[in-house]
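See structure below.
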Ligand code: PMP
């Protein structure tokens, strides 16, 4: 039993029965925040909830109706463990927008891309393995990696994404200490949490480094189509087929309630992924697949993504303008798409210690420490602009200003 398990909650009579792996399942800071941030008087700049109200309900109702009338028996039944073939063909059309050409045979439909992260981890990670990730990185991917008892090694980023020279150094250092690097996990476009995008040149360089070192790249791309002005660089998978597992999702371009995502895997890996999917869920939801499939074939889904882009662009602008107006002494990233702004606080502020004060002032954010496996991030906060209205965003930043000034005056 690990120390962590021993130090755990003794009120649970089954405490000593948990697997060692379960010790990695700790409530994230984001999760604890949700309870507080969901109070109506709190402006939450904390979660990453898509603004699903921008999706016309009649489009969804129409698709659901048609599915039930025309294919009800299939929709309510178990289906293929890999996903419905026609739906996988349509997923190819979505990925083509980011330069990917692939075969529908290599697409595995999953319960959100979160579930694809779980399946890939299950297939590849043994205790003590290393996953290289950006610093900071997506919190709930790290929860999964840890739950498979792997360690996350963070490679620093700048405004162009992960720094290739730093990646080379990290690989060399890890290898020198005998560690096994299994995956390079990256959110290259409009990163969660930093809002940064990996430049095209670096995409090529990082793929080259991964190839040279025999490291499988796990490209997680939920936000790529949510650019504001200019299309993002094509996906890394568009240039490298054998060394990349690509993850996509309908959560941000349609709605997360469907819980529909996918993995596009190198052909050799795809079969194992299907077996893992079957073992976990038998088959992904037939109902959700058919409804989305119907929506993709009848609705103008590209125009709907444009609508989302417009909503988020306006909110991003509201956030960076308010930051410029109220908190010019801070620095922040100015994302070209996605949901998040990453703010750096002046010394000696501590984002985690400051949070109770923020909640008292009725504003919530996610402390930067949530996005590092190694305790870094005290000087950072992640602000999300996806869900609150521009007015709420301004109010939230005003409240944050009160919090920060209060801390600095202490
Ligand atoms: N990866 C990243 C980087 C995310 O931000 C999210 C959602 N916040 C996910 C994966 C999971 O998304 P879903 O399971 O809804 O597809």
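Here is a yes/no grid of residues against (1) at pLDDT 95 or above; (2) under 21 Å from the mean Cα position of the chain (by Cα); (3) closer than 18 Å to residue 234 by Cβ; (4) part of a loop (DSSP other than H, G, I, E, B):
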site	(1), (2), (3), (4)
132	yes, yes, no, no
140	no, yes, no, no
143	no, yes, no, no
178	yes, no, no, yes
203	yes, yes, yes, no
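So, of the residues in the stretch 95-130 that are over 17 Å from residue 283 (Cα atoms), buried (at least 21 other Cβ atoms within 10 Å of the Cβ) and within 16 Å of the ligand (Cβ to nearest atom), which turns out to be farthest from the chain's Cα centre (by Cα)?
It comes out as 95.
Failed condition for residue 299, given (1) more than 17 Å from residue 225 (Cβ to Cβ); (2) modelled with pLDDT under 95, with all others met?
For residue 299, the failing item is (1).
I'd like to know if the stretch 161-179 contains one or more residues that are within 16 Å of the ligand (Cβ to nearest atom), surrounded by fewer than 24 Cβ atoms within 10 Å (Cβ to Cβ), under 27 Å from residue 20 (Cα atoms) and in contact (Cβ under 8 Å) with a residue 24 or more places away in the chain.
No - not one qualifying residue is present in the stretch 161-179.
What is the number of the single condition among (1) touching a helix residue (DSSP H, G or I) at 6+ places or on another chain (Cβ under 6 Å); (2) outside any loop (DSSP other than H, G, I, E, B) that residue 165 does not meet?
With respect to (1) touching a helix residue (DSSP H, G or I) at 6+ places or on another chain (Cβ under 6 Å); (2) outside any loop (DSSP other than H, G, I, E, B), residue 165 is out only on (1).
For the stretch 367-400, give me each residue that is in contact with a helix residue (DSSP H, G or I) (Cβ under 7 Å, 6 or more places away or on another chain), closer than 14 Å to residue 332 by Cβ and part of a strand (DSSP E or B).
Listed by number, the residues that qualify are 380, 381, 382, 383.
Residue by residue, here is whether (1) closer than 21 Å to residue 270 by Cα; (2) touching a helix residue (DSSP H, G or I) at 6+ places or on another chain (Cβ under 7 Å); (3) in contact (Cβ under 8 Å) with a residue 12 or more places away in the chain holds:
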| site | (1), (2), (3) |
| --- | --- |
| 54 | no, yes, yes |
| 62 | no, no, yes |
| 66 | no, yes, yes |
| 70 | no, no, no |
| 80 | yes, no, yes |
| 84 | yes, yes, yes |
| 90 | yes, yes, yes |
| 93 | yes, no, yes |
| 100 | yes, yes, yes |
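Table: residues versus (1) within 14 Å of residue 191 (Cβ to Cβ); (2) surrounded by fewer than 18 Cβ atoms within 10 Å (Cβ to Cβ).
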position	(1), (2)
201	no, yes
212	no, yes
215	no, no
220	yes, no
224	yes, no
236	yes, no
245	no, no
250	no, no
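The values are calculated or read from the model by the stated rules, or taken from the named source; none is laboratory data. Since the model is a prediction, treat every value here as computed from it, not as a measurement. For neighbour counting, all protein chains shown are included, and Cβ atoms are generated from backbone atoms with ideal geometry for every residue, glycine included.
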